[in-house]
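Have a look at the structure below before the remarks.
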Amino acid sequence: MSSSEIEGKEHGQCIQWQDSAHSPETNSSGRDFLLKAPCGQSAAEARERGCRFGMLYFAWLPEQCYDEKIEEDFKNFKEWKFWLFQNRTGEITWDEAATGEYDRLYAEWEQHQRHCVDMFRRLHRVMASSSGLLSIDSHLSDWDHTEHCSRVLMERERSIHDLNSVRRLKYPDCGLLRW
């Protein structure tokens, strides 16, 4: 698969790390969810509602759709870095990014790949859990995102250090009622 085939939603040379359920993340899939916009549309609103910011998703999630283990695995994979600008200026630490206050940050290709690996792992954990569909959010359930991640994981032409991915803040629905 060539780089041009995977670029999809891009801005310049940067892949928009998003899908149909993004920015500022609401459900556009047409699926029914138990909790509609449970974290609101701002970091302040999300905190007031008891939501947690997940770096794997780069999203505010209610407890029901937050996976502590997968988040920890993602965080501990390596010391991730973020930047405010595509030219690698304005470096942001994990802790700064994890405040959930940034609408957009740039990340290296390896982080995008790891996001996809861990999203597949998350989906499997959800399907094997007793909560099942009720802990699936509108980002995880989005077929376009699954297709996108499949292409990302098959990409072989990019360096893992390419700063070509944009993390966009999301506020997904939670608790899929039916697939």
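Just so you know, all these numbers are worked out from the coordinates, no wet-lab data involved. This one's a predicted model, so the numbers in the text were calculated from it and none came from an experiment. So basically every Cβ, Gly included, is an ideal-geometry build from the backbone, and we count neighbours across all protein chains shown.
The table below gives the values:
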{"quantity": "Fewest-first ranking of Trp60, Trp143, using other Cβ atoms within 10 Å as the exposure measure", "calculated": "Trp143, Trp60"}
{"quantity": "Point-to-point label distance, Asp95-Trp83, nm (Cα→Cβ direction, 7 Å offset)", "calculated": "2.3 nm"}
{"quantity": "Packing-based exposure ordering (other Cβ within 10 Å, fewest first) of Lys69, Lys170", "calculated": "Lys69, Lys170"}
